[in-house]
Amino acid sequence: MKSLHRLIRSSALALLTCCSLATFAQTTEPPLARSAQSGRWSDPTTWEEEKVPQAGAKVQIRGGHRVVYDVDSRQAMRTVFVAGTLTFASDRDTCLEVGLLKIQPGNNTTEDGFDCDAHLPEVDPSQPKPALEVGTAEHPIDANHTALIRLVYFEGMDKESCPAIVDCGGRMEFHGAELNHTWVKLGAPAKVGDTVITLAESVTGWRVGDRVFLTATTRQSKEYKTFRPTVRDNTQTEERLVRAVNGTTLTLDQPLAFEHIADGAYRGEVANLSRNVIVESADPAKARGHTMYHRGSAGAISYTEFRHLGKEGVLGRYSIHFHLCRDTMRGASVIGASIWDSGNRWITIHGTDYLIVRDCVGYQSIGHGFFLEDGTEVFNVLDHNLAVQACAGKPLPKQVLPFDHNDGAGFWWANSENTFTRNVAAECDEYGYRFQAPPTADFNLTLNVPQPDGTRRATDIRTLPFVRFEDNEAHCQRRHSLNLGGFSADLKGDVAGVGPDGRHPFVIHNFKAWDVHWPLHLRSPSVMLDGLDVHHAEYVMWRANYVRHAYRRVTLDDISRNPDLEPTGKQPVAADYPGELQPVDDLPPQTVITSVSQTDRGWLVRGTTSDNGVVKRVLVNGGEARALRENFAEWETLLPATTARTELKAFAEDAAGNIEQRPHILSIPSATVHP
């Protein structure tokens, strides 16, 4: 009996000891590894106590230190706080697994604090910002190497906020090897069984092993019994790997299962999802990661792949998120990125102005894809992006705009004073392009909107026209291609007859819609439609409101049902154009310096200008820039080194005599890295 008591007592003691040790392990703070000086991550002398950080560690790159991340490791760090500079080596493959990577000044190493403004210390604006550099604009990661960041969830972290990469007033750069085209049109029809396809343009930077997809060129249809709850079911968009590439010829790893048409102006797309700089969730089924820029941050993204990110159903936790930056990040851009398999949008522009999003590929998201969040965003440019399979989600808890159903638009906005050019939306659940701003009992549509002169003014956002909406396209939309202020799927919630006045109408240039159900649902008043091409559709106009509308250059072909279903008013005719509308151009252009590099001959400055009319000229430090695209949509200038100053100043003037009131001013020392 005594032996039994001793056994029970010793067993209980052993269990208590194990439990205590387990509790200690769960509650003990992981070790903090701090940089002692600048150097390589793999060098023990870079670190205090001369120990390289081990798995599970908290890491701090201290202010003034520059640490080169030079390892390819699957030992996950719990947190990495960058108050100095963490730069990835570009001459080798690297991999960093991390739970929270945060770029911010100061010595704070807590895992909370996603509201950056609430806890950031006072900083000296003359000092360099803390920085994460996964390549730079001038020196991207070499095409022969890969930089990979894998976001790993650690027990005890807030699952709604982590894992994540967050920039709190620092500089965050992601720059991979350039592709001359991230997506192109088919150059010839691709048939069932084909493994070799022809592209419309020659591609460089595409490599064997890259993941590509061909967009569907046949939509889901209730008439043909192919309609499903979501476009991802029964889709004809096909993913393949590249086996060989030679100019305009692409060899795929598997035969195609569907036909993809290339018939005159109506052609499917081929998009490349692969990049050599990658941010991904390590275990998407367990916890997805997200990335975020906050107010006062800096940096840019080019040719980077964001995959398996975005926390489904969580407000503010998106694959790429510019959060309440306003104009503090003027000069930032997202160029050539691929964002795919997102649980919560592709790119969210929230309370942020002057952002450039160009040549990006968005593929498969829950909820809207390219998304402007709160109705105050202005002067952003979305140019030549591809949006494929933005799928229906649910409204997010505590979302800013209560009327947004989050039902799957390739491009969604509530404030039109932005630029949308050369984009394509295909096979999204509900809309290709969606402007939504219905009056509701619980939300006032009069918001405090930034003005061209930098002030803010209370404005009904329904009355704001586009800066520019031109050369956009939608195909294989099983519902709406372009819904401008119209009803939702429940036939409720249009703009209630409120829109721009007749001197500042919505102007839509050269819109194309093919193999679609409803090409246009225009409920907003004051619309100038100058160029429309609809091919192979069931309808053309659906429940349009023809108050102060003017149309010309309209081409319709193969309309199977009704070109003008249940309109309000009478459809305008080209002979009456512009009808009641008397448009004036009193909006100044908007200019953004997107890159600056120092050459043997001086400073090479490039940028983007957008305007609702014709841009006459762009001036940089008093000299005229050279247009690289029509209307200075992209431009460059070379400033001789002898004329270099401490800052760059760029602004534009349009043909109507409007001069930009707020030039983009950029200091040259920071510009040598990137705006």
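Values in this text are rule-based calculations from the coordinates and carry no lab data. Quantities reported herein were computed from a predicted structural model and do not represent experimental measurements. Cβ: placed from backbone, ideal geometry, glycine included. Neighbour counts: every protein chain shown.
The figures follow:
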item: Simple Cβ-charge dipole of the chain, Lys/Arg +1 and Asp/Glu -1, about Cα centre, in debye nearest 20; result: 1340
item: With 5 Å bins from 0: P(r) over segment 590-671, alpha-carbon pairs, percent; result: 3, 17, 30, 26, 14, 8, 3, 0
item: Exposure proxy ranking, count of Cβ atoms within 10 Å, fewest first, for SER35, SER365; result: SER35, SER365
item: Between 0 and 90°, nearest 10: helix 2-27 axis offset from the chain longest Cα axis; result: 50
item: Trypsin sites (Lys or Arg not before Pro) restricted to segment 208-262 and DSSP loop, no more than 12 other C-beta within 10 Å; result: LYS222, LYS225
item: Ranked list, fewest to most other Cβ atoms within 10 Å of each Cβ, for HIS521, HIS139; result: HIS139, HIS521
item: Environment charge at GLY156 (Cβ cut-off 11 Å; Lys +1, Arg +1, Asp -1, Glu -1); result: -2
item: At 1.002 mPa s and 20 °C, Stokes D of segment 360-455 from Kirkwood alpha-carbon radius, µm² per second; result: 154
item: HN-Hα J in Hz across segment 248-256 - Karplus 6.51, -1.76, 1.60, θ = phi - 60°, x for Gly and Pro; result: 9, 10, 10, 9, 9, 7, 9, x, 6
item: Gyration tensor verdict on the chain (Cα atoms; rounded if a/c is under 1.5, prolate if a/b is larger than b/c, oblate otherwise); result: prolate
item: P(r), alpha carbons of segment 382-584 - 10 Å bins starting at zero, rounded %; result: 9, 37, 39, 14, 1
item: Net charge dipole size for segment 590-671 [Lys, Arg +1 and Asp, Glu -1 on Cβ; Debye, nearest 20]; result: 160
item: Expected 222 nm ellipticity per residue - DSSP helices of 4 or more, -39500 (n - 2.57), all of the chain, to 500; result: -1500 deg cm²/dmol
item: Neighbourhood net charge (10 Å Cβ-Cβ; Lys/Arg +1, Asp/Glu -1) for SER488; result: -3
item: Extent along principal axes [Cα atoms of segment 596-638; Å; largest to smallest]; result: 36, 18, 11
item: Dipole of segment 180-274, positive end: most advanced residue of GLN236, TRP183, TRP206 [Cβ charges, Cα centre]; result: GLN236
item: Vicinal HN-Hα couplings computed from phi for segment 201-212 (Karplus, 6.51 cos²θ - 1.76 cosθ + 1.60; Hz; Gly/Pro x); result: 9, 5, 10, 10, x, 7, 10, 4, x, 5, 8, 10
item: Span from the segment 476-531 Cα centroid across to the segment 255-321 one, whole angstrom; result: 27
item: Net +/- balance of residues flanking ARG548 in space, Cβ distance below 11 Å, scoring K and R +1, D and E -1; result: -1
